[in-house]
Amino acid sequence: MKLAQKWCVGKGLEIGGASYAPLGVDALNVQPFPGHPVFEAEEIRLMGRVLPVDIEAFADDIPVADDSQDFVISSHVLEHVANVVAAFVEWHRVIRPGGIVFMIVPHVDRTFDAGRPVTPLAHIIEDWQTRRTEHLPCAPEGHRHVWRTADLVEVVDWCNEQSLVDWEIVEVEDVDSRCGNGFTIVCRKNPPLGVV
């Protein structure tokens with residue numbers, strides 16, 4: 001995918017990588033449930049192989065050093081994450097200043113989520129404040145959260161306002177160029193104040 005290759009330069013982490021959705025970047029695959037029968041069966045059905053898991057971890061608790069990654073990339077994963085803000089805080093921790101968070105997220109109007117209510121910011125904030133951690137494997141169609149592009153931008157903005165992250169949104173695709181049923185938001189981690 002050209003947009004991912006444009007922004008995700010160097011070495012990074014792919015949250016929930018799959019053999020049937022290669023993004024063409026140099027990333028370690030982070031998965032919480034390696035060997036999950038539903039996901040592995042889908043990979044085998046579509047590609048005849050399973051993408052190896054490099055790091056067994058959840059999106060909000062990744063065992064790598066602070067500021068150690070050039071990027072974090074996720075495609076059709078964030079809708080499954082119980083605590084989106086906790087994941088953002090963790091992604092902010094692991095990427096270096098100037099590093100990239102690259103997210104492709106299903107759009108409510110272009111997926112089987114059509115007709116479902118969009119997840120409001122208040123729900124995302126409540127998940128953060130109550131430290132929601134329902135780390136349960138769910139089927140690919142089991143979306144916890146439903147968004148339009150502007151709604152996820154609002155979550156990023158709220159996280160910035162709360163000083164939980166310090167991200168600049170550097171590119172938005174309202175219709176993602178990978179498969180067209182989602183949207184893409186690319187954020188860059190700002191360097192600490194006074195550091196150039």
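Every number in this text was worked out from the coordinates using simple rules, so none of it is lab data. Being a predicted model, the structure only gives us computed values, none of them experimental. Here Cβ is always computed from backbone atoms with ideal geometry, including for glycine, and neighbour counts include all displayed protein chains.
Relative contact order (percent) for the chain, with alpha-carbon contacts under 8 angstrom and 6 or more residues of separation? Write down the numbers at each step before the final one.
Working: 372 pairs, mean separation 40.8, N = 196.
Worked out over the chain, it gives 21 percent.
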Practice problem: Name the residue, out of SER74, SER163, SER177, whose mean-square fluctuation peaks in a Gaussian network model built on the chain with Cα pairs under 10 Å. | Solution: SER163
Quiz item: Picking from ILE104, ILE95, ILE125, which is most flexible by a Gaussian network model of the chain using Cα springs under 10 Å?
Solution: ILE125
Quiz item: For ASP66, what charge total do you get from the other residues with a beta carbon under 12 Å from its beta carbon, if Lys and Arg give +1 and Asp and Glu give -1?
Solution: +1
Quiz item: Out of ASN83, ASN29, ASN160, any idea which swings most in a Gaussian network model of the chain, alpha carbons joined below 10 Å?
Solution: ASN160
Quiz item: What is the percent of Cα-Cα separations in the stretch 2-189 that go past 31 Å?
Solution: 8 percent
Quiz prompt | ILE125 paired with GLU171, simple spin-label distance in nm, labels 7 Å along Cα-to-beta-carbon | solution = 3.2 nm
Quiz item: Extension gain ALA114-THR133, at 0.36 nm per residue separation less the Cα-Cα distance, in nm?
Solution: 4.2 nm
Exercise. Report, in deg cm²/dmol and to the nearest 500, the calculated mean residue ellipticity at 222 nm for the chain, where each DSSP H run with n ≥ 4 adds -39500 (n - 2.57) and the sum is divided by the residue count.
Key: -7500 deg cm²/dmol
Self-check item: Spatially proximal aspartates and glutamates relative to LYS189 (Cα-Cα < 15 Å; intrachain offsets below 8 disregarded)
Solution: ASP66, ASP67, ASP70, GLU90, ASP157, GLU161, ASP166, GLU168, GLU171
